[in-house]
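Peer 1: Sharing a structure below in structure tokens format, with a few things to ask.
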Amino acid sequence: MFVLLASEKTGRASLAVAGLVFRKAGAAGTIAVYLFAQPRRRGAIDRMTIQQLLSLRVQAALAAAGAPDTPAVVQASSKPEFGDFQANGVMGAAKALKTNPRALAQSVVEHLDLTDIADKVEIAGPGFINIHLAPAFLAARLQAALDDAALGIRKPAAQKVMVEYSSPNLAKEMHVGHLRSTIIGDAIARVLAFVGHDVTRCNHVGDWGTQFGMLVAYLVETRQSGDAELELADLENFYRKAKVRFDEDPVFADTARQYVVRLQGGDAEVLALWKQFVAVSMEHCQAVYDKLGVGLTLDSVRGESAYNDDLPVVVSDLRAAGLLVEDQGAQVVFLDEFRNPEGDAQAMIIQKKDGGYLYATTDLAAVRYRHRALDLKRVIYVVDARQSLHFQQLFTLSKKAGFAPTDMQLEHVAFGTMMGDDGKPFKTRSGGTVKLVELIDEAIERAYALVSEKNPALAEDTRRSIAAAVGVGAVKYADLSKNRTSDYIFNWDTMLAFEGNTAPYLQYAYTRVQSVFRKVGDFDASAAVVIDAAAEKQLALHLAQFDEVIESVASSCQPHQLCAYLFTLAQQFSRFYEACPILSAEGATRASRLQLAALTARTLRTGLDLLGIAVLDEM
RNA sequence: GUGCCCGUAGCUCAACUGGAUAGAGCAACGGCCUUCUAAGCCGUAGGUUACAGGUUCGAUUCCUGUCGGGUGCGCCA
């Protein structure tokens, strides 16, 4: 059996073939032959997704049928009876050409060359083209994925990308408000790195501002009384007490204000105290990141204070560019792009009338730094949706002022608020702010109770480590599996359920696959994939679409697409597992099913890892 | 007042950015375990996609308006 996959140059409708790679893929004698477009980097797989491949073919057929430059609109079929993929571009083309869509579809199909890719191509409805993939073609795709450490993921030209996320204010302890940015940002960073980009993770922490004067003043007090260590252990409390002192004692408040001035003036003594406080606060954050399994470290940190020296320069440069005007004593930029119904341009304050700077100033300086010093091509800001106006203004002004080139991708990846069961922002029973570390601990504790109940036979420390993976995974997955732009309801019971679209279900699905391999004994890890039964075909089809999902997540920054994919994969595997015995099968069938199971396991593990969720061999 | 986001099954959410009969999961009901983990699988039921218009071969998706919710809107971040 020979399987030939043509590889066309991406973005062109031509059939230019740039290279040939042969790979011996199976002991049974199957050789998967697939062609690559020009390899840009050594070892990088540059292969199209099935959707891209079909799009080019259909597009070429459309051109041949008299409809050039027409999008093929290829997508996975909405129902199994409509084949595996459908091309919907004919209807639109027929309208533009004022011809009968069915007739055009007929002509397109006649010009459509899907030899070795499709079994059957049919026209349905007003002009849909339904494509049924050939099992051997699917098998070859899976074989390629099995042979590749990155599961056949296409590696585009690496782009210098920054993901800015988490970014807590160091004056206080991290709370639930930081959870979404931290989780979503980390998943995005992982996915971008996985597809081969040069990713910088940036933790743009709030380490500057007037409240630090107050905190330093209180730090001096607690040190004098010898309580500093103890007090700093609970930053939330520390802040609260400092605030009380500030509000109640005018002498203390005065000292605090002096510290702000000294801090801004670069006074060495106060600076040292500030650094000490910042370091302690960062330790708290790092403990949370470690517990969450988030890839932020001290190296990722570049706080607001890093831009202090550049802020006056930003102001003078904006003035020199003729963008800055004084208004009511403040230095302001009026942006024509943002006007109210009366026609007034919206103001963006760059410098307060007292000379102080604002976060808009810092963000402008950061954009410029990221372009000039880091040469980033894309910066992703994973920040609460409520700041969308700020980012629109920031991006607009950055480009207008030449701080960022017009082709630099500046993206606000916004997300909604985390709500409680009552549909209101998530709080403690008494209405207080929920500390992030306490939320994580509770998740682990709840998972431990569940695991102990379901599987009491396991050793204590095994249950503890399962609980950590399940608890943290559940919290992350509950967040990541929903469209980030809307608010979402946080509910312990639904996220920790072992049935339904949850992390525990996916982790369990993984252990089911692993249990097969625990019992298998010897097997051929390079056996040929042969697709026969319906459940095998459905599973294979889904496995072959992993690259599509990953690419989509990398461009849209929507991790919920990956979650949906993994959930469907787990379901497809369960159906396959139910319908197709693996270990009791024989010969080539058994070997092939083991390959399907192996690829499922790797895909689940890789996908969950990209979401920052750990897998387990047993639960 | 105005900008942005949202309104989909009882509940929590999808719908690949304009495609076919709007899909999953919970919850409900009915089946399947001496056979690789039943934490599973199969099936039934559940909808005027807030409402009213418009655009077109085709609308949950785009446009206009109404109602309802969230959130932002010059010296906080």
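The values are calculated or read from the model by the stated rules, or taken from the named source; none is laboratory data. Being a predicted model, the structure only gives us computed values, none of them experimental. FYI the Cβ positions are ideal-geometry reconstructions off the backbone, even for glycines, and counts take in every protein chain you see. Ligands, DNA and RNA are excluded from the accessible area calculation, which covers all protein heavy atoms including side chains. Shrake-Rupley method; radii C 1.70, N 1.55, O 1.52, S 1.80 Å.
Peer 1: Could you tell me how many of the residues in the range A:577-592 are near RNA strand B (Cβ under 8 Å from one of its atoms) and either surrounded by 17 or more Cβ atoms within 10 Å (Cβ to Cβ) or assigned to a helix (DSSP H, G or I) (or both)?
Peer 2: Total meeting the criteria: 5.
Peer 1: On the basis of being surrounded by 20 or more Cβ atoms within 10 Å (Cβ to Cβ), at pLDDT 95 or above, touching a Leu at 6+ places or on another chain (Cβ under 7 Å) and not hydroxyl-bearing (Ser, Thr, Tyr), does A:ASP186 make the cut?
Peer 2: The answer is no for A:ASP186.
Peer 1: Moving on. Exactly one condition in (1) open to solvent by less than 50 Å² (accessible area, probe 1.4 Å); (2) away from RNA strand B (no atom under 11 Å from the Cβ); (3) assigned to a helix (DSSP H, G or I); (4) hydrophobic (A, V, I, L, M, F, W, C) is not met by A:VAL451; state its number.
Peer 2: For A:VAL451, the exception is condition (2).
Peer 1: A further question follows. Identify, please: which residue in the range A:386-409 is within 14 Å of A:HIS371 (Cα to Cα) and of a type in the set (S, T, N, Q) and is, among those, most open to solvent (accessible area, probe 1.4 Å)?
Peer 2: Once the filter is applied, the top-ranked residue is A:THR406.
Peer 1: Take the residues in the range A:415-448 that are of a type in the set (Lys, Arg) and surrounded by fewer than 18 Cβ atoms within 10 Å (Cβ to Cβ); name whichever of them is farthest from RNA strand B (Cβ to nearest atom).
Peer 2: Result: A:ARG429.
Peer 1: What about A:ASN501, is it polar (S, T, N, Q), in contact with a Ser or Thr (Cβ under 7 Å, 6 or more places away or on another chain), at negative phi and open to solvent by 10 Å² or more (accessible area, probe 1.4 Å)?
Peer 2: Answer is yes for this residue.
Peer 1: Given the conditions (1) more than 16 Å from A:HIS204 (Cβ to Cβ); (2) more than 10 Å from RNA strand B (Cβ to nearest atom), report the number of the one that A:GLY355 does not fulfil.
Peer 2: Only one criterion in (1) more than 16 Å from A:HIS204 (Cβ to Cβ); (2) more than 10 Å from RNA strand B (Cβ to nearest atom) is unmet by A:GLY355, namely (2).
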